Amino acid sequence: MDNKKRKILEKSKELFFIYGVKKTTVDEIAKASGIGKGTIYLYFSSKNDIVAELADLEANNIATQLKNKILPEYSSEKKLRVYIKSFIMKSYDFVNSNVHASELFVIMRQLRDTCKIDEKNYNTAMPAAIQILSEILLEGKKKGSFCFDNIFELIENMSFALQSYFPPFSTELSREDLDKKSDYIIGLIINNLIK
């Protein structure tokens, strides 16, 4: 990523955290980054494209953190538990890091929801965090720990089941409550996968 694009993204995130996504304009992003508005449009076709790029960066950041928490010697079940718990808690921490982070997270999720996970885009367009989940599930199936027919359907349903743990639904929960409540859904998911 070149320096201008990086600067646009950094300043955009700062402004989104200060004023919110809806109230931040491309003119303000241009001024804050010291880059002409026309140059911004060479990199991004709209403010939504900037948000989408930030979503990818944040998802990759979370994916890197997830990968570092999941040790190779863990069983498939433990890897899945650590993955889901870490993903929920990292998302919660991001959302609660700033007054406008929840708005940014919701918009990021809406943009992400347009990314259909299927055989056609499995190896090209799938977010890094979903790739890690896929690897865990396929490893568990190969070792005989997990039983499922269609990985795409499984990931889609797991994502749907976990939606209630993300904003706007989870904003009223304390971190401790979310930690406890998430154990319940993790147990349901894993118990359904175990042969």
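Laboratory data are not the source of any read-out in this text; all were calculated from the coordinates shown. In this text the structure is predicted, and so the values were computed from the model without any measurement. As a convention, Cβ positions derive from the backbone with ideal geometry for all residues, glycine included, and neighbour counts pool all protein chains shown.
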Overall dimensions of the chain by Cα: Rg and Dmax, Å:
18.3, 58
By the C-alpha gyration tensor axes a ≥ b ≥ c (rounded if a/c is under 1.5, else prolate when a/b exceeds b/c, else oblate), the shape of segment 1-45 is prolate
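For the chain, what is the calculated [θ] at 222 nm in deg cm²/dmol (nearest 500), taking -39500 (n - 2.57) for each run of four or more DSSP H residues and dividing by its residue count?
Calculated mean residue ellipticity at 222 nm is -22500 deg cm²/dmol.
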Amide H neighbours of F146 at under 5 Å, excluding residues fewer than 5 places away on the same chain, with H built from the backbone geometry, are K141
What FRET efficiency comes out for K142 versus K69 if R0 is 30 angstrom and r is the Cβ-Cβ distance? Round to the nearest 0.05.
0.90
Taking R0 as 35 Å, what's the FRET efficiency between Y19 and F152 from their Cβ-Cβ distance, rounded to 0.05?
0.35
FRET efficiency estimate (nearest 0.05) - Cβ-Cβ, R6 to D27, R0 22 angstrom:
0.65
